[in-house]
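J.: Before anything else, here's the structure in question.
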Amino acid sequence: MAYREQVLWVDALIMLGLIGYTVKQLILAGNEALFNIEQAYEVVASVLFMAVIAYILCHIAIAIVANKEAEDERDEREQQAAQLGAYWSATISQTTIVLALVQFGLTVQFGGDRGELSLAHPLLLLLIGLILAELSNAGRQLYYLYRGI
Amino acid sequence: MSKCQISNQIRRLRFEHDEMTQQALATAVGVTRQTILAIEAGRYSPSLEVAFKIAAVFQRPLEEVFQYQTENS
């Protein structure tokens, strides 16, 4: 397996792990995370912290094992895969941001005194959307590298 | 998406060149071994530049290495 493919598999596994971790944190926080902005912040902060730690540790480990760096130049096929992955990632990120803004706007407009709800929901939606965007980035690249389409 | 219509003779040419490895060809061309593997398997159509480089490694004209098959051929 090429170094770039190893990195993509690691990225995809990290993102899958993060989805599981996020769901676990949300279940532990219960309804509080959905309606209380401080609880939502705690969930987001812990997930981001886990993401940074996992990303740094895994990438250092894989770079040491493969004796290469992630910035090593890609060949043309890997560049095409990266472009496809970035396109998918950008599409999902943009969709999530629009949905979060719409939800924020609707809640502010019609939510009455439930001010906290207007921030907690979009924040969690953004978090899940960004994780899914990164997962789709790695997944689309792997699919292109293995299937060629 | 349409099926790849570009076939190639890279496997045969590697065999004729003292069983050149995919890694050796990849190094000579400046791509990864997985890219050579994908080209050989018909899963990836290389750029003109890479196609010419592969032909140059085998010292053959481009059309002897790559063939384009039209729908009715």
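J.: Can you find even one residue in segment B:5-14 that is loosely packed, with under 14 Cβ neighbours inside 10 Å, in contact with an Asp or Glu (Cβ under 8 Å, 6 or more places away or on another chain), part of a helix (DSSP H, G or I) and not hydroxyl-bearing (Ser, Thr, Tyr)?
T.: Scanning segment B:5-14 turns up at least one residue that is loosely packed, with under 14 Cβ neighbours inside 10 Å, in contact with an Asp or Glu (Cβ under 8 Å, 6 or more places away or on another chain), part of a helix (DSSP H, G or I) and not hydroxyl-bearing (Ser, Thr, Tyr).
J.: Wholly within segment A:1-106, which helices (runs of 4 or more DSSP H) include no fewer than the required count, namely at least 1 residues that are of a type in the set (Val, Ile, Thr)?
T.: Correct list: A:3-29, A:37-66.
J.: Could you please tell me which pairs satisfy a Cβ distance under 7 Å, a separation of 6+ or placement on different chains, a first residue in segment A:7-19 that is within 12 Å of A:Ile53 (Cα to Cα), and a second residue that is of a type in the set (Phe, Trp, Tyr) and open to solvent by 40 Å² or more (accessible area, probe 1.4 Å)?
T.: Listed by first residue and then by second, the contacts come to A:Ile14/A:Tyr55.
J.: If you don't mind, another one. Could you check how many residues of segment A:1-21 are more than 14 Å from chain B (Cβ to nearest Cβ) and among the aliphatic types (A, V, I, L, M)? So that I can check it myself, show each step before the final result.
T.: As a first pass, look at segment A:1-21 and keep what is more than 14 Å from chain B (Cβ to nearest Cβ): A:10-21.
Filter once more, so that each one left must be among the aliphatic types (A, V, I, L, M): A:10, A:12-16, A:18-19.
Within segment A:1-21, residues that are more than 14 Å from chain B (Cβ to nearest Cβ) and among the aliphatic types (A, V, I, L, M) number 8.
J.: Have a look at B:Gln23, B:Gln69, B:Gln34 and point out the one that is more than 11 Å from the chain's Cα centre (by Cα), open to solvent by 80 Å² or more (accessible area, probe 1.4 Å) and within 13 Å of another protein chain (Cβ to nearest Cβ). Talk me through it step by step, then tell me what you get.
T.: Values: B:Gln69 fails: within 13 Å of another protein chain (Cβ to nearest Cβ); B:Gln34 fails: open to solvent by 80 Å² or more (accessible area, probe 1.4 Å).
Result of the check over B:Gln23, B:Gln69, B:Gln34: B:Gln23.
J.: Let me ask something else. Could you say which residue among A:Val43, A:Val47 is buried (at least 16 other Cβ atoms within 10 Å of the Cβ) and in contact with a Ser or Thr (Cβ under 6 Å, 6 or more places away or on another chain)? Steps first, please.
T.: Numbers: A:Val43 fails: in contact with a Ser or Thr (Cβ under 6 Å, 6 or more places away or on another chain).
Result: A:Val47 is the single residue among A:Val43, A:Val47 that is buried (at least 16 other Cβ atoms within 10 Å of the Cβ) and in contact with a Ser or Thr (Cβ under 6 Å, 6 or more places away or on another chain).
J.: I'm trying to understand the selection: among the residues of segment B:44-66, which are within 14 Å of another protein chain (Cβ to nearest Cβ) and in contact with a Leu (Cβ under 8 Å, 6 or more places away or on another chain)?
T.: In the first step, residues of segment B:44-66 are kept if they are within 14 Å of another protein chain (Cβ to nearest Cβ); the result is B:44-54.
Answer for segment B:44-66, where residues must be within 14 Å of another protein chain (Cβ to nearest Cβ) and in contact with a Leu (Cβ under 8 Å, 6 or more places away or on another chain): B:Ala51, B:Phe52, B:Ile54.
The values are calculated or read from the model by the stated rules, or taken from the named source; none is laboratory data. Since this is a predicted model, take the numbers as computed values, not measurements. Cβ sites come from the backbone with ideal geometry, for glycine too, and all protein chains shown count toward neighbours. For accessibility, only protein heavy atoms count, side chains too; no ligands or nucleic acids. Shrake-Rupley method; radii C 1.70, N 1.55, O 1.52, S 1.80 Å.
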